[in-house]
Amino acid sequence: MHQVIYALIEAPTEETALACAKAAFDRLVGADPDNAAIFDYYVLFDDERSSVAGKARWGELPVVAPVDSDDGAQLLERGWKATKQEFERNLERVRTVVNEFSDNEFMHDKDLARHACYNLGAYRGPSLYLYTEFGDAIRNRDHLEHVLSADKQVWIIPADVHY
């Protein structure tokens, strides 16, 4: 499965932001032995080599954009909207299964009930779309506002990830 995720990076220049984003995405795919892989691989939107990911799958997206630009604001809105929708979908699923399933059905993961709980509590992975320069997911609006209130320019960098 593919999805577009976004790194929010505080940096003085576009080049520095892109380098920091690559480091964050590397952490998410386990390129460093100290980090567990959350995704299989990523493709940035300046990569012309892939015929199945990045531009080939999603079309043209900015490679990097200041969050306070039109392009950056659109990317940020896409990422936050996807994060909220996935949270709400998993929360509704958990509420439903807690009320409808027996303990045994829940224990046996009927209709992926436990999987919905896992996604709801996830700190990284496919149910989250916005990440910091450290590869940490932005899970709530307060965290997002904190990242956006940085002293330096904040950049947003999209990546197509496979999981």
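The values are calculated or read from the model by the stated rules, or taken from the named source; none is laboratory data. Predicted model only: the values in this text are computed from it and were never measured. Virtual Cβ from ideal backbone geometry, glycine too; neighbours counted across all protein chains shown. Please note that ligands, DNA and RNA were not included when accessible areas were found on the heavy atoms of the full protein model with its side chains. Shrake-Rupley method; radii C 1.70, N 1.55, O 1.52, S 1.80 Å.
If R0 is taken as 35 Å, the Cβ-Cβ distance between residue 111 and residue 152 corresponds to a FRET efficiency of 0.15.
Here is the tail figure for region 6-163: Cα pairs spaced more than 18 Å apart come to 62 percent of all pairs. Near residue 50, no amide H atom lies under 5 Å from its own; only residues 5 or more places off or on other chains count, and H is placed 1.01 Å from N.
Can you give the convex hull volume of the alpha carbon atoms of region 1-82 per residue, in Å³?
Details: hull volume 8.9 nm³, N = 82.
It comes to 109 Å³ per residue, whole-number rounded.
Annotation note: chymotrypsin sites (Phe, Trp or Tyr not before Pro) in region 111-144 located in DSSP loop regions with a Cβ neighbour count of at most 15 within 10 Å are 123, 134. Couplings for region 12-29, taken from phi via the Karplus curve 6.51 cos²θ - 1.76 cosθ + 1.60 with θ = phi - 60°, read x, 9, 4, 4, 5, 4, 5, 5, 5, 5, 4, 5, 5, 5, 4, 4, 6, 9 Hz in order; Gly and Pro are left as x.
Calculated mean residue ellipticity, 222 nm, the chain: -13500 deg cm²/dmol, from DSSP H runs (n ≥ 4) at -39500 (n - 2.57) each, averaged per residue and rounded to 500. For 10, 60, the ranking by accessible surface with the largest value first comes to 60, 10, using a 1.4 Å probe. Taking θ as phi - 60° and the Karplus parameters 6.51, -1.76 and 1.60, the scalar couplings of region 51-56 work out to 9, 10, 9, x, 4, 4 Hz in sequence order, x denoting glycine and proline. For residue 47 and residue 68, a Förster radius of 25 Å and the Cβ-Cβ distance give a FRET efficiency of 0.45, rounded to the nearest 0.05.
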